[in-house]
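Asker: There's a structure below that I have some questions on.
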Amino acid sequence: MVGLSTIISKKIVKPLSPTPSTQRWHKLSLLDQGIGNFYMGLVLFYPKHQVDTFQIEPKQLSTLLENSLSKAITYYYPWAGSLRGNATIDCDDTGAEFLEVEVNCPMDKVLYHQDSSIKNIAFPQGVPLRNAADGACLIVSQLSHFECGGIAISVCLSHKVGDARSALFFVRDWAVLTRDPNAELVCPPYFVQDSLIPSPSDGPLAFPVIVSKPEERIELEKRFYLSASKIRALKDLVAAESGVENPTTTEVVSALVYKSAAMFNLGSSHEQSRLILLSDIRKEISHSVPSTSIGNILTVFSTPIYNNKEDLKVSTLVADIRKSKHELSSRDNFKENEWASGILHAYNTGDGTYRQSNCDVYRCSSASNIPFQDLDFGWGKPIRATMPSSPFSKMFYMMSTHDRGIEVIINLNEQQMSAFENDKDLLEFATPAHVED
């Protein structure tokens, strides 16, 4: 049976050295304040033959990871602190929670199980979906040992402190310090705090507007895989039909997934539909702050609102996405940040972000250009890097795979999912992700 695990140990790992008093209070930006204190997760799977090359016993491996984690959170001290209210982190060296577990099945049974959510077994139980309780650690990590000798390393980080790119920097540096316990970080993290997008003039937000509600989650989750060759074919098709030059992976895959998901409701229970996409804006600050900046350094852009199914052609969607991206690049995304505006509107009105009557709103977060697949703790790159289930409806995530493909993780209700997973245009390019390729 897949799904049973036994906790071997559960510890609180403290920073190697105390945080200086000058760095005690970490002020959150407006975007940080708008996000609830829920965890974002990442898990990396490593097969036995890779782990064996490291020539270390399982118990020593756990100790090695704990020691390097202790050093990593010394650099990433806000994640080792405690949230105070909604706008401040007390960098009080609370530490990170670290679990070691045994999973009663081979790793392949988890990676290729028909129920894709079974991958959640490699995460601390319930953590990826939930909000962090008062006083809880802002980092929770887990080392999982499979019957076959393979391992998984997962980490759940509070979204209050940073975004997916911030998570990459943290795990990358944790890996560096595991490979070489004597190493020092050449490019330590830089915390932007509230310097770029500060609190409103009348004071910080008293509560977040983007919150995780796992107890209300009734959607189905599915994962789909697009190979590198299928993505190339999709790009060629879109370029020929739309005239868009060099369409990107994010553009074509997000358009295909959105089209296949939105077709079911458009023109029936909802009169309109649109797609909202998150965008990393670090490139815009690269001239003034380090590239290793930590925080929720994001904005959003969107397609037009569509009124009928005839509008939902992949080539048309890509052209609209490209146009919206161009408009995004032409404005100051700190003074005119669309996501900040949406958060403030939701906070002041009580409405959800980008919620519109009679309009199906889908959201896409793409990590396809974030190299989670390259994270090497000393025994090589993972055979798979993936995310846990998501608590958000009509949201889909994109991650790159080791073979340059894309994994799509999507949440829809039962009726929508039934139509989505049988959409002929989707299935021309995508296959269920649990199928081993």
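Asker: So, residue 162, is that one in contact (Cβ under 8 Å) with a residue 12 or more places away in the chain, touching a Gly at 6+ places or on another chain (Cβ under 8 Å) and either in the same structural domain as residue 83 (by the TED database) or open to solvent by 10 Å² or more (accessible area, probe 1.4 Å) (or both) or not? Reasoning before the result, please.
Answerer: Values: in contact (Cβ under 8 Å) with a residue 12 or more places away in the chain: yes; touching a Gly at 6+ places or on another chain (Cβ under 8 Å): yes; either in the same structural domain as residue 83 (by the TED database) or open to solvent by 10 Å² or more (accessible area, probe 1.4 Å) (or both): yes.
For residue 162, the condition - in contact (Cβ under 8 Å) with a residue 12 or more places away in the chain, touching a Gly at 6+ places or on another chain (Cβ under 8 Å) and either in the same structural domain as residue 83 (by the TED database) or open to solvent by 10 Å² or more (accessible area, probe 1.4 Å) (or both) - is met.
Okay, residues lined up against (1) open to solvent by 50 Å² or more (accessible area, probe 1.4 Å); (2) at pLDDT 95 or above; (3) among the acidic types (Asp, Glu):
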| site | (1), (2), (3) |
| --- | --- |
| 231 | no, yes, no |
| 243 | yes, no, no |
| 249 | no, yes, no |
| 252 | no, yes, no |
| 259 | no, yes, no |
| 266 | no, no, no |
| 273 | no, no, no |
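Asker: Shifting gears a bit: Looking at the structure I just gave you, is residue 419 of a type in the set (A, V, I, L, M, F, W, C) and crowded, with 21+ Cβ neighbours inside 10 Å?
Answerer: No; evaluated as a whole, the condition is false for this residue.
Asker: Restricting to region 108-145, what's the tally of residues that are over 22 Å from residue 168 (Cβ atoms) and in a strand (DSSP E or B)?
Answerer: Final tally of qualifying residues: 2.
Asker: Output the strands (runs of 3 or more DSSP E) that fall wholly within region 18-107 and possess 2 or more residues being more than 23 Å from residue 130 (Cβ to Cβ) and open to solvent by 40 Å² or more (accessible area, probe 1.4 Å), or say none.
Answerer: By residue number, 25-27.
Asker: Given the criteria at pLDDT below 95 and charged (D, E, K, R), does residue 336 qualify?
Answerer: In short, yes.
Asker: If residue 278 passes every condition in (1) touching a Leu at 6+ places or on another chain (Cβ under 6 Å); (2) under 30 Å from residue 98 (Cβ atoms); (3) outside the structural domain of residue 346 (by the TED database); (4) not aromatic (Phe, Trp, Tyr) but one, which one does it miss?
Answerer: Against the list (1) touching a Leu at 6+ places or on another chain (Cβ under 6 Å); (2) under 30 Å from residue 98 (Cβ atoms); (3) outside the structural domain of residue 346 (by the TED database); (4) not aromatic (Phe, Trp, Tyr), residue 278 comes up short only on (3).
Asker: Here's something else I'd like to know. So which strands (runs of 3 or more DSSP E) are wholly in region 298-415 and hold at least 2 residues that are more than 29 Å from residue 264 (Cβ to Cβ) and touching a residue at least 24 places away in the same chain (Cβ under 8 Å)?
Answerer: Qualifying strands (runs of 3 or more DSSP E): 384-386.
Asker: Of everything in region 378-416, what is β-branched (Val, Ile, Thr), closer than 24 Å to residue 141 by Cβ and open to solvent by less than 10 Å² (accessible area, probe 1.4 Å)? Give them in sequence order.
Answerer: Scanning region 378-416 gives 386, 409.
The values are calculated or read from the model by the stated rules, or taken from the named source; none is laboratory data. Because the structure is predicted, anything quoted here is derived from the model rather than measured. Positions of Cβ are backbone-derived with ideal geometry, glycine not excepted, and every protein chain shown enters the neighbour counts. These area figures cover heavy atoms from the full protein model, side chains too; ligands, DNA and RNA do not enter into them. Shrake-Rupley method; radii C 1.70, N 1.55, O 1.52, S 1.80 Å.
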